[in-house]
Every structure is written in C-alpha cells, then in structure tokens.
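Undergrad: Dropping the structure in here first, questions after.
The values are calculated or read from the model by the stated rules, or taken from the named source; none is laboratory data. Computed from a predicted model, the values in this text were never measured in an experiment. When we count neighbours, we look across all protein chains shown, and the Cβ atoms used for this are built from the backbone with ideal geometry, even at glycine. Protein only, heavy atoms only, side chains kept; ligands, DNA and RNA dropped before computing areas. Shrake-Rupley method; radii C 1.70, N 1.55, O 1.52, S 1.80 Å.
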Amino acid sequence: MSDEQKLDVFESIFAGALKEQFTYARPEIRSVLLVTDRADAAMVAAWQAEVQSYLRVIENATWECCAGDAAHHRRELEKSIQHAAPDLVVCQRNLHHEEGRTHYNLGPQVDYLLHGTDIPVLLLGRSEDGAARLGDGNTNEVMVITDHLVGDSSLINLGVRFTAPGGKLF
C-alpha cells in the first residue's frame, strides 16, 4: 500500500470517528397537543385524562386536544398545531382508519405529524377497540426512534425525560 493510500485510509477512519458529542439538556414541555379521532366529548375527556395520568412526568403543561373531524383533515390539523404551538404531540396510530386497512403503516395523519412537522410525536398503540391501554404510567422502558440521531440530542433528551428512574432507554 502506498503512502497516499495509507493516508487516505487513515483520513477515512479519522473522519468516521468524528461525531458530535451528546449533551443532555432537560427539555421543557409547556404545551401538549393530543390528536385523536374520537368525536364523543366524554371519550375524548377520558382519553385525555388517561394520557395525562400516564405522562405524569409532564408537569404544569397546557394540554389541548384536536379531536374528531378536526384531526381528520390536514388543514384543520395544521390549524390546531399552529394555535397550540405544542412542544409535544401525542396520538395513536391509524387515526380515522380501521386497524386492518392500514396494517403496514401509521396512517396519513400520523405520517404528516412525523414527516411534515418538526414537533416530537409520542405515538401510542391502539387496541382493537381503540383504547390506548396505557396502564399504570410505568415508563421503565422507553424507545426513541428517528432517522437522524447523529447531531440531534433533542429526542434522546425527551426519551430520558420520559424514562422512569432506573429504567431503560432504547
């Protein structure tokens, strides 16, 4: 191997090792927007109470809800986001779609939230009857998923914020 080739290999290895250092900064969550396809006011209120109980690590935040038809149409959803200016959006997959019809994706509204905004989205599962089944608020295991972790500590910081003491962050 020539000296130039050795230098190219060294430069390549060195450049591959250059990564921005992770820095922890506790994220402040002042506003949360719940997005649901539920239209019945009592069901919306019950779901909001369940989510707030589950996310009790979020204290002193303003909670707003985009429900029913407002969550179905993208323009209405955009208006709700602009009005609420949330630090976090919470929703379930397959808004306004039957589970079986969109088995291999998250649904168009969730795709918009994930790819059309810069706001972190907490995506909750959905059972066959549409309930979240969040349980007792145990957040011992939290998973953060993105396609751009390098150089962006914000989602990891949110994951740390949601993980219970002694819990695991994936």
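Undergrad: Using 0.36 nm per residue of separation minus the Cα-Cα distance, give me the extension gain between Thr23 and Gln82 in nm, one decimal.
TA: Values: separation 59, 0.36 × 59 = 21.24 nm, distance 2.90 nm.
Length gained between Thr23 and Gln82: 18.3 nm.
Undergrad: Quote to one decimal, in nm, the extra length available between Ala49 and Glu11 on full extension: 0.36 nm per residue of separation minus the C-alpha distance between them. Provide the component values of the computation, followed by the final result.
TA: Numbers: separation 38, 0.36 × 38 = 13.68 nm, distance 5.48 nm.
Additional length available on full extension: 8.2 nm.
Undergrad: Let me ask something additional. In nanometres, what is the gap between the two model label sites at Ala61 and Phe170, each 7 Å from Cα along Cα-to-Cβ?
TA: Between Ala61 and Phe170, the simple spin-label model gives 2.2 nm.
Undergrad: Given the protein chains as shown and a 1.4 Å probe, how many square angstrom of Arg26 are accessible, to the nearest 10?
TA: Taking all protein chains as shown, Arg26 has close to 130 Å².
Undergrad: Using only the alpha-carbon atoms of region 6-92, report the extent along each of the three principal axes, biggest first, to the nearest angstrom.
TA: Ordered largest first, region 6-92 gives principal extents of 68, 29, 20 Å.
Undergrad: How large is the accessible surface of Phe10 in square angstrom, using a 1.4 angstrom probe and rounding to the nearest 10?
TA: Phe10 has an accessible surface of roughly 130 Å² with all protein chains in place.
Undergrad: Right, something else. Order the following by accessible area, largest value first: Ser154, Ser80. Probe radius 1.4 Å; ligands, DNA and RNA are ignored.
TA: Details: Ser154 60, Ser80 30 Å².
Order by accessible area, largest first: Ser154, Ser80.
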